[in-house]
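**Student:** Dropping a structure here in structure tokens format, bear with me for questions.
The values are calculated or read from the model by the stated rules, or taken from the named source; none is laboratory data. Keep in mind it's a predicted model, so treat the numbers as computed, not measured. Cβ coordinates were reconstructed from backbone atoms using ideal geometry, including for glycine residues, and neighbour counts include every protein chain displayed.
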């Protein structure tokens, strides 16, 4: 007797085979998706590891405060001298003989991030740039000479003995900041980035408007700054004019120099040298406004720049070897003065 498969049985078998085939296809699809996910995840992890390794290999400026416990003692002393200058070698120093600074500013009020911030007269890599020629003294000067220039002018005080513990400590701190700086990063820490100098004189009204908008919150209506809440003597934000500020022989009292600093660093924590907030014109006018107010007087400035041809055009005190007015030397316009020195003496001036 012959068996036979009915049409209904064939249909049922076909349905079962189709279901089985569908399950197999789904399983294959899931395996394929898992493999793709696994490979993508593995690749992402590999990229992350590579990125982390690259990040670890990127040189960064030192964070002095976080590393202070690991500093050599002489470096640590240098750190405190520049961070709390008034307390350790200024008017508030315990010993009278240690009172070299004449105001209550700290070195780090201008050399930001304790000397590590690019565009703020950083000390990163500075030692290898000295000795260097300086027009103010018309001689090759050492790093100690440069520090003492700041002590006499920005700090409105007196020179540190070259062989003093204070001088040695400050230089040691600068050297510590400069360790292992890669060659391709050194240029950004030199001085202040240049600005395009406007062809007009400082407009004090425009400068006042910039000050009111961008500066007053930290430096106050009268430029007196903000005292440190802990000691009430040093400054969290320094005075920009008045008896406790830099004196009139300081480089910051020159409009162009001041404008370069302001453009690269102000408002504080909002601007950097490569991402400024103010325009060149705003920095220029507010620099002139700040320097229009009274400040301590530096004696014997007539002896600065023995070769008067080398005096920066925005130096606001004479004598000069040109016929431009004191007003123009203080507030500009400066391009005509620069053109004169180029034509008369073949000297290209940038400030």
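**Student:** Return the only residue of 225, 318, 232, 220 being buried (at least 17 other Cβ atoms within 10 Å of the Cβ) and not assigned by TED's automatic domain parsing to the domain that holds residue 156.
**Tutor:** Step by step, each of 225, 318, 232, 220 is checked, and only 225 is buried (at least 17 other Cβ atoms within 10 Å of the Cβ) and not assigned by TED's automatic domain parsing to the domain that holds residue 156.
**Student:** Give the residue that is nearest to the chain's Cα centre (by Cα), with candidates limited to residues of region 124-134 that are farther than 27 Å from residue 303 by Cα and touching a residue at least 60 places away in the same chain (Cβ under 8 Å).
**Tutor:** So, considering only residues that are farther than 27 Å from residue 303 by Cα and touching a residue at least 60 places away in the same chain (Cβ under 8 Å), the one nearest to the chain's Cα centre (by Cα) is 124.
**Student:** Going through region 89-109 one residue at a time, which ones are surrounded by fewer than 22 Cβ atoms within 10 Å (Cβ to Cβ), touching a helix residue (DSSP H, G or I) at 6+ places or on another chain (Cβ under 8 Å) and closer than 14 Å to residue 233 by Cα?
**Tutor:** 92, 93
**Student:** Residue 112 - would you say it is surrounded by fewer than 16 Cβ atoms within 10 Å (Cβ to Cβ), closer than 24 Å to residue 272 by Cα, modelled with pLDDT of 95 or more and not assigned by TED's automatic domain parsing to the domain that holds residue 312?
**Tutor:** Criteria not met by residue 112.
**Student:** When you scan region 30-44, do you find a residue that is surrounded by fewer than 17 Cβ atoms within 10 Å (Cβ to Cβ), at pLDDT 60 or above, part of a helix (DSSP H, G or I) and under 28 Å from the mean Cα position of the chain (by Cα), even just one?
**Tutor:** Checking region 30-44: not a single residue is surrounded by fewer than 17 Cβ atoms within 10 Å (Cβ to Cβ), at pLDDT 60 or above, part of a helix (DSSP H, G or I) and under 28 Å from the mean Cα position of the chain (by Cα).
**Student:** Scanning for something part of a loop (DSSP other than H, G, I, E, B) and closer than 30 Å to residue 336 by Cα, does region 176-191 turn up at least one residue?
**Tutor:** Yes, that holds for at least one residue.
**Student:** Further, regarding this structure: Taking region 135-152 as the search range and keeping residues that are in contact (Cβ under 8 Å) with a residue 60 or more places away in the chain and not in a helix (DSSP H, G or I), which one is surrounded by the most Cβ atoms within 10 Å (Cβ to Cβ)?
**Tutor:** 136
**Student:** While we're on this one: Here are some residues: 332, 288, 318, 346. Which one is on the phi > 0 side of the Ramachandran plot and touching a residue at least 12 places away in the same chain (Cβ under 8 Å)?
**Tutor:** Details: 288 fails: on the phi > 0 side of the Ramachandran plot; 318 fails: on the phi > 0 side of the Ramachandran plot; 346 fails: touching a residue at least 12 places away in the same chain (Cβ under 8 Å).
On inspection, the qualifying residue turns out to be 332.
**Student:** Restricting the search to region 245-296, which residues are surrounded by fewer than 20 Cβ atoms within 10 Å (Cβ to Cβ) and more than 20 Å from the chain's Cα centre (by Cα)?
**Tutor:** 248, 292, 293, 294, 296
**Student:** I would also like to ask the following. With the condition kept exactly as written, say whether any residue in region 153-167 is over 17 Å from residue 89 (Cβ atoms) and buried (at least 16 other Cβ atoms within 10 Å of the Cβ).
**Tutor:** no
**Student:** Quick check on my filter: what residues within region 180-211 are over 24 Å from residue 268 (Cα atoms) and either touching a residue at least 60 places away in the same chain (Cβ under 8 Å) or crowded, with 22+ Cβ neighbours inside 10 Å (or both)?
**Tutor:** Residues of region 180-211 over 24 Å from residue 268 (Cα atoms): 180-184, 199-201.
Across region 180-211, the qualifying residues are 180, 181, 182, 199, 200, 201.
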